[in-house]
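Participant: First the structure, which I've put down as structure tokens, then a few questions once you've had a look.
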Amino acid sequence: MNGGESIPIAVLGAGAVGCYYGGMLARAGHPVTLIGRQVHVDAFTTTGLHFEGLKFDERVAVEASTKAAAVRGAKLVLFCVKSTDTDAAASQIAPFLEPDAILVNLQNGVDNTERIQAQVANPVVPAVVYVATEMAGPGHLKHHGRGDLVIGSLDGKVTLDILQRVQRLFAAASVPVTISGDVASGLWEKLVVNCAYNALSAIAQLPYGKLIQGTGIREVMRDVVEETLAVAKASGIHMAPDMLARVYKIAEAMPAQYSSTAQDVARGKPTEIDHLNGYVVRRGEALGIPTPANRALHALVKLLESKRQA
């Protein structure tokens with residue numbers, strides 16, 4: 001597998017993130033199968049993936065399925081399901097994976113790669129995802145910004161050779177990929193950002209630019225960041241000293257972006273909040289670190305979820 005050859009690729013959980021990276025790989029000439037919900041699969045099958053990018057607006061030809069078995073034959077599998085579905089999805093695809101297939105985990109959260117690896121024999125590459133996207137309608141991906149990845153290894157199964165092969169493949173599809181010697185810190189940095197923005201954007205149903213202008217919001221974000229950094233430090237994770245400043249800059253970089261949690265709440269779908277602020281709360285309890293700001297945001301989003309389901 002290198003940047004110059006065409007290889008079969010499967011995207012498990014073809015939502016906004018999966019469709020972006022799968023779509024970029026398909027545009028580069030790889031046969032891509034998007035595995036997702038029926039409403040999107042019907043659109044993919046009928047008219048292709050409607051990829052509304054920053055510099056192009058195209059219909060991209062893809063294969064599509066709702067079945068986990070559709071990973072059969074793929075040499076690269078992008079794992080993009082919601083964190084709540086990680087264990088079940090990994091178990092479902094395990095019997096159908098090619099022996100030499102590589103999985104790249106594009107999920108939110110810091111513990112999903114280990115959960116996938118517990119279910120499959122193939123190497124699982126953890127990736128820190130930096131992209132702003134949404135599904136604007138059935139089969140319709142809208143890209144708002146960025147699109148780069150940071151990958152690395154959390155165990156001996158993912159070698160430097162594997163990382164370089166993945167890097168070349170994505171680079172040939174115009175997706176910048178950085179190989180990090182400390183991808184765990186990158187995953188935690190992304191968790192800090194998600195904990196600061198996702199719940200607040202969901203509760204207020206506001207994009208980042210307007211959200212951060214709210215009275216007291218910067219202070220709430222500061223409390224969330226400080227708590228999450230304390231939990232990370234106690235977990236042995238080295239974090240950058242300017243994380244709060246980095247968090248605030250996200251609103252400048254992506255002012256029109258609604259968090260994935262906000263999009264889920266607006267559509268009445270289950271969120272990943274248990275694996276974001278909820279994870280920080282559980283990890284804090286295990287380490288004896290209080291996390292009241294994260295606890296409050298987690299509880300409020302869970303309340304919104306229960307309201308939608310009532």
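The values are calculated or read from the model by the stated rules, or taken from the named source; none is laboratory data. All of these numbers come straight from a predicted model, not from anything done at the bench. Methodologically, a virtual Cβ is constructed for each residue, glycine included, from the backbone with ideal geometry; neighbour enumeration extends over all protein chains shown. Accessible surface is based on the protein model in full, side chains and every heavy atom, while ligands, DNA and RNA are left aside. Shrake-Rupley method; radii C 1.70, N 1.55, O 1.52, S 1.80 Å.
Participant: About the Cα centre, and with charges only on the beta carbon of Lys, Arg (+1) and Asp, Glu (-1), how big is the dipole of region 13-153? Nearest 20 debye, please.
Facilitator: Dipole of region 13-153, to the nearest 20 debye: 160 debye.
Participant: What percentages make up the Cα-Cα pair-distance distribution of region 196-310 when the bins are 5 Å wide from 0?
Facilitator: 2, 13, 21, 23, 21, 13, 6, 1, 0
Participant: Rule-of-thumb check for region 1-155: C-alpha Rg over 2.2 N^0.38 Å?
Facilitator: Rounded to two decimals, the normalised Rg is 0.96.
Participant: Given the options 46, 271, 84, which has the most mean-square fluctuation in a GNM of the chain, springs set between C-alpha atoms less than 10 angstrom apart?
Facilitator: Maximum among the listed residues: 46.
Participant: At 1.4 Å probe size, with every protein chain present, just tell me what the per residue accessible area of region 1-119 comes to in Å².
Facilitator: 40
Participant: DSSP H helices in the chain with Cα extent of 30 Å or more along the helix axis and mean Kyte-Doolittle hydropathy at least 0.5?
Facilitator: 183-204
Participant: Please compare each pair in 82/249; 82/307; 210/249; 75/157 to a cut-off of 18 Å on the Cα-Cα distance and tell me which ones are over it.
Facilitator: 82/249; 82/307
Participant: Separate question: Along the three principal axes, how long is the chain when you take its alpha carbons, biggest first, rounded to the nearest angstrom?
Facilitator: Taking the Cα atoms of the chain, the three principal extents are 50, 40, 37 Å.
Participant: Is the C-alpha gyration tensor of region 169-236 telling us rounded, prolate or oblate? Criteria: a/c under 1.5 is rounded; beyond that, a/b larger than b/c is prolate, otherwise oblate.
Facilitator: oblate
Participant: Next question, about the same structure. Using only the Cα atoms, what convex hull volume per residue in Å³ does region 265-310 have?
Facilitator: 59
Participant: Quick one: pull the percent of accessible area on the chain belonging to carbon and sulfur, 1.4 Å probe, ligands and nucleic acids left out.
Facilitator: 53
Participant: Evaluate the distance, in nm, between pseudo-label points positioned 7 Å from the Cα of residue 226 and of residue 67 along their respective Cα→Cβ axes.
Facilitator: 5.5
Participant: Hey, another quick one. Relative to the Cα centre, what is the charge dipole magnitude of the chain, using +1 at the beta carbon of each Lys and Arg, -1 at the beta carbon of each Asp and Glu, and rounding to the nearest 20 debye?
Facilitator: Computed about the Cα centre, the dipole is about 440 debye.
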